[in-house]
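For reference, the structure discussed in these notes is given below.
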Amino acid sequence: MLKNDFCIADGCYLLNHSVGRPLKNMQQYLAKHYFLPWESSNKEPWQQWLPAVEQFTTALGKLFNAPSSQFCPQANLSSGLTKLLMSHPRLQQKNCKVLMAQSDFPSMGFAMQKALPKCAQIIFIPEHENLTDISVWQRYITADIDLVFISHVYSNTGVQAPVYDIVAISKLTNSLSIVDVAQSAGVIPLDLSVLDADFMIGSSVKWLCGGPGAAYLWVNKNQIEYCEPKDVGWFSHQNPFEFDINHFEYNASALKFWGGTPSVAPYIIAANSIAYFAELTAHKVRVHNLAMLTLIHEQLAEYVVSPMSGDECSGTVILFFNKQQDHVLTELNKAKVSVDARKFGIRVSPHIYNTQEDVAQFISIVKRALKGFG
């Protein structure tokens, strides 16, 4: 039973859109690949640490079906997006025009506003638009758009964007594309070799159960040569250990975006977790996730405000109980069922380690709370 592979505390954990549960072997793996080289030798541990970090990009390559050399570790998505925006000549030209959605995570909008030139124009697809409808994207992706920013999944609405079709449209208009997989990586399959977007950014903290501090960016092989990151350091260099202050040469791979002395521990932790899910496959996680979501859809359909079809819903179901909302949340909290609430309702995200019994418990508590309200 896969649940036995994870650290599961008392109660029912359905907050996987926020932070995934750690693997039980996480501490052992970290001790072996991070602490042991540091503790057991009187030599510097970089020669052991760097191959361990490479396992992070190797695991990402397997998960997303792309060469590991096209991935670069990042501290977080905002950092990765900022570096990408500032590196590409097209995105630094006068009157650059970018398209994103009002529903995108605010941090992405903040990065856009500061990393693009002041004369750049950011066009937002309004909240009322249906982001699962490809015709909506067709209306907004016009020939003058330089960059299309696409969230594979929108965290507050539980909406999954038709990312393959959107990228295809962006190619017709010769627009660059960036895909944000923070809320989908590990639960909704994505094949980068088929998608063929220009860039991708993501993190490990949610469905990949890899903890914070281990984000990543991916750069299409056709874009690598055009990118000249401004935020560089010795690990952006083709030969980090050359130590010649008068000579800098961008790394030929996506590692040109790495920067200065990197963190190590977060990537080692995440490498172990991502490798686990790459072996399991996002397809299997999604099948299980949809089965759990279907139970909720069937039993609480009148309260569901997120899409219910498999090709439009994310890994999260969002439920709104109107005046009973706070009471439902209180009862779930009393029963140690972990969910959260945002603008549009309560967010519930069952992972591979959640069982039918977990979901049945959630449904039972909700129904009991609604029946007893007032």
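The values are calculated or read from the model by the stated rules, or taken from the named source; none is laboratory data. Since the structure is predicted, the reported quantities are computational estimates derived from the model, not experimental observations. Here Cβ is always computed from backbone atoms with ideal geometry, including for glycine, and neighbour counts include all displayed protein chains. Areas reflect the complete protein model, heavy atoms only, side chains present, ligands, DNA and RNA absent. Shrake-Rupley method; radii C 1.70, N 1.55, O 1.52, S 1.80 Å.
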**Asked** Any residue at all in the range 202-213 that is open to solvent by less than 20 Å² (accessible area, probe 1.4 Å), farther than 20 Å from Ser155 by Cβ and touching a residue at least 40 places away in the same chain (Cβ under 8 Å)?
**Response** no
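Here's the yes/no breakdown for (1) under 28 Å from Ala252 (Cα atoms); (2) open to solvent by less than 60 Å² (accessible area, probe 1.4 Å); (3) part of a loop (DSSP other than H, G, I, E, B); (4) out of contact with any strand residue (DSSP E or B) (no Cβ under 6 Å at 6 or more places or on another chain):
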site	(1), (2), (3), (4)
Leu85	yes, yes, no, yes
Arg90	yes, yes, no, yes
Ala111	yes, yes, no, yes
Val136	no, yes, no, yes
Ile169	no, yes, no, yes
Ser177	yes, yes, no, no
**Message:** Could you tell me how many of the residues in the range 247-272 are out of contact with any helix residue (DSSP H, G or I) (no Cβ under 6 Å at 6 or more places or on another chain), closer than 20 Å to Ser87 by Cα and assigned to a helix (DSSP H, G or I)?
**Reply:** 1
**Asked** Among the residues of the range 353-364, which ones are open to solvent by 20 Å² or more (accessible area, probe 1.4 Å) and either within 20 Å of the chain's Cα centre (by Cα) or without any contact (Cβ under 8 Å) to a residue 60 or more places away in the chain (or both)?
**Response** Glu357, Ser364
**Prompt:** For Gln93, which of the numbered conditions (1) at pLDDT 95 or above; (2) more than 29 Å from Leu280 (Cα to Cα); (3) of a type outside the set (Phe, Trp, Tyr) fails to hold?
**Reply:** (1)
**Asked** For residues in the range 110-156 being touching a Lys or Arg at 6+ places or on another chain (Cβ under 8 Å) and of a type in the set (D, E, K, R), which is farthest from Gln92 (Cα to Cα)?
**Response** Asp144
**Request:** Identify, from the list Leu14, Leu2, Leu60, the residue that is farther than 24 Å from Ile346 by Cα and open to solvent by less than 50 Å² (accessible area, probe 1.4 Å).
**Result:** Leu60
